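Novice: Take this structure first; my questions come after.
Laboratory data are not the source of any read-out in this text; all were calculated from the coordinates shown. Fair warning: this is a prediction, and the values are worked out from it, not measured in the lab. Cβ: placed from backbone, ideal geometry, glycine included. Neighbour counts: every protein chain shown.
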Amino acid sequence: MPPRHQHMSKSQPQIAGIGNPLVDVLASVGPDAPGKHGLTVGEMHLVDAATAKALYADIGPGIQQSGGSVANTIAHVGDMGLKGTFLGKVAGDDLGGVFRRDMAALGIDVPVPDQADGTATGHCVVMVTPDGERTMSTYLGACECLAPDDLPETLPSETAILLVEGYHFDTPHGAANVARAVELARGVGARIALTPSDAACVDRQRAAMLALIEGECDILIGNELELAALSGAQDPMSALHWALDHVRTVALTRSENGALLADGGPVVEVAAQPVPKVVDTTGAGDAFAAGFLSALALGKDVAEAGRAGASLAARVIGHFGAREAGTAA
């Protein structure tokens with residue numbers, strides 16, 4: 001191996017993530033479409049295979065692109081030139097192929113075997129209403145089959161941070177998978193970060209998330225609704241201080257109001273970056289997490305990390321879908 005590569009691999013930190021790999025099918029719909037299906041605008045709903053099929057049929061062909069919250073974050077990390085590892089399960093079907101190809105193109109390793117019992121790759125029908133809100137209906141499929149034995153024996157030694165997705169606690173072996181991934185991360189000296197995913201998920205999985213926050217978690221990244229749901233706090237500052245009682249580093253994101261950040265020192269406020277036109281808010285939080293964690297892994301301070309997160313989030317809000325480009329189905 002040429003010395004310069006050796007030098008590069010030593011100096012370049014990596015980010016790992018565990019979560020639910022999904023393929024998103026995005027479509028622009030009228031303001032009333034989510035309500036017609038009994039869905040709450042802006043929320044993520046877990047649906048069965050039959051409902052997913054009916055929704056898919058109703059919205060017609062959309063843009064298909066790899067998704068899943070933490071998978072998006074790790075993809076953006078790859079986009080920024082850092083390598084990463086994603087721990088999640090897809091099937092050996094067409095959608096699974098889309099997911100693996102997208103990750104491989106970004107230099108992201110997915111060291112988990114395909115699900116081979118006929119369970120489909122998880123997918124998410126995303127309805128984007130004219131206000132830029134996204135209403136998601138997720139069929140977890142193969143995501144639910146991930147078990148601790150599927151995880152690799154080690155993570156790359158360059159792994160600096162493991163990001164845990166709150167949504168993954170919704171799967172049957174979620175808590176055990178997270179515990180094993182945390183063990184692998186600790187084995188290479190990585191810090192542990194959690195993103196609670198959404199407020200409804202916090203309500204479903206509060207006990208598991210609190211156990212992680214009160215235990216191994218070093219970094220918490222969430223929006224004000226998620227942190228309020230976790231802490232019971234009434235205002236963003238109280239939620240932030242609650243979080244700081246348990247973890248060293250907190251990023252509380254507030255959409256157009258920017259973010260509040262702390263890393264053991266005083267609270268720093270970072271403004272949102274102006275976006276010429278809000279096209280679609282899908283994946284803005286995932287992108288913020290990618291910028292924030294990559295900067296922390298590279299040794300930047302929390303204010304710089306917050307600005308990196310805000311800058312990546314602004315880029316994503318200005319285009320359709322959670323990633324740069326997708327292919328029409």
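Novice: Modelled label-to-label distance, residue 54 and residue 131, 7 Å Cα→beta-carbon offset: nm?
Specialist: If labels sit at residue 54 and residue 131, their model points lie 2.5 nm apart.
Novice: Once you have a ≥ b ≥ c as the square roots of the Cα gyration tensor eigenvalues for the chain, tell me rounded if a/c is under 1.5, and otherwise prolate or oblate according to whether a/b is larger than b/c.
Specialist: Rounded is the answer for the chain, as its axis ratio a/c remains below 1.5.
Novice: What is the set of long-range amide H partners of residue 23 at a cut-off below 5 Å, with H atoms built 1.01 Å from backbone N?
Specialist: So residue 23 has HN proximity to 67, 123, 124.
Novice: Taking θ = phi - 60°, what integer Hz values does the Karplus form 6.51 cos²θ - 1.76 cosθ + 1.60 yield along region 158-163, in sequence order, with x for Gly and Pro?
Specialist: Values per residue, Gly and Pro as x: 7, 4, 9, 9, 10, 9 Hz.
Novice: Find which of 253, 30, 294 sits farthest along the positive direction of the dipole of the chain, computed with +1 on the beta-carbon of Lys and Arg, -1 on that of Asp and Glu, about the Cα centre.
Specialist: Farthest towards the positive end: 294.
Novice: What whole-number distance in Å separates the alpha-carbon centres of region 213-281 and region 132-167?
Specialist: Centre-to-centre distance over Cα atoms comes out at 22 Å.
Novice: Right, something else. To the nearest 0.05, how large is the calculated FRET efficiency for residue 214 and residue 254 if R₀ is 25 Å and r is the Cβ-Cβ distance?
Specialist: After rounding to 0.05, the efficiency reads 0.55.
Novice: Take every Cα pair under 8 Å in region 10-323 that's 6+ residues apart, average their separations, divide by the length, and report that relative contact order as a whole percent.
Specialist: The value is 18 percent.
Novice: Less than 10 Å Cβ to Cβ from residue 257, Lys/Arg counted +1 and Asp/Glu -1: what total charge do the surrounding residues give?
Specialist: So the environment of residue 257 carries a net charge of -2.
Novice: With a 10 Å cut-off between alpha carbons and a GNM built on the chain, which of 223, 257, 177 moves the most?
Specialist: Greatest mean-square fluctuation among the candidates belongs to 257.
Novice: Given the rule -39500 (n - 2.57) for each run of at least 4 DSSP H residues, summed and divided by the residues of the chain, what is its mean residue ellipticity at 222 nm, to the nearest 500 deg cm²/dmol? Don't skip to the answer; put the middle values down first.
Specialist: Numbers: 11 runs with 124 residues, N = 329.
For the chain, the value works out to -11500 deg cm²/dmol.
Novice: Moving to a separate point now. How big is the charge dipole of the chain about its Cα centre, in debye rounded to the nearest 20, if each Lys and Arg gets +1 on its Cβ and each Asp and Glu gets -1 on its Cβ?
Specialist: Charge dipole of the chain: 740 debye, to the nearest 20.
Novice: A further question on this structure: Note down the magnitude of the dipole of region 58-210 about its Cα centre, charges +1 on Lys and Arg C-beta and -1 on Asp and Glu C-beta and zero elsewhere, to the nearest 20 debye.
Specialist: The calculation lands at about 420 debye.
Novice: Moving on to the next point. Return the percentage of antiparallel bridges among DSSP beta bridges fully within region 205-266, rounded to the nearest 5 %.
Specialist: 50
Novice: Below 30 Å Cα-Cα, how many Lys pairs turn up in region 10-323? Only count pairs eight or more apart in sequence, or on different chains, if you could.
Specialist: 8
Novice: While we're here: Tabulate in residue order the Karplus-calculated ³J(HN,Hα) for region 178-187, using 6.51 cos²θ - 1.76 cosθ + 1.60 with θ = phi - 60°, rounded to whole Hz; enter x for Gly and Pro.
Specialist: 3J(HN,Hα) across region 178-187, in whole Hz: 5, 4, 5, 5, 4, 4, 4, 5, 4, x.
Novice: Then there's this: Please report the antiparallel percentage of the DSSP beta bridges confined to the chain, to the nearest 5.
Specialist: 40
Novice: In the chain, with Lys and Arg counted as +1 and Asp and Glu as -1 at Cβ, which of these residues, 169, 202, 243, has the Cα nearest the positive end of the dipole, that is, farthest along it?
Specialist: Highest projection toward the positive end goes to 243.
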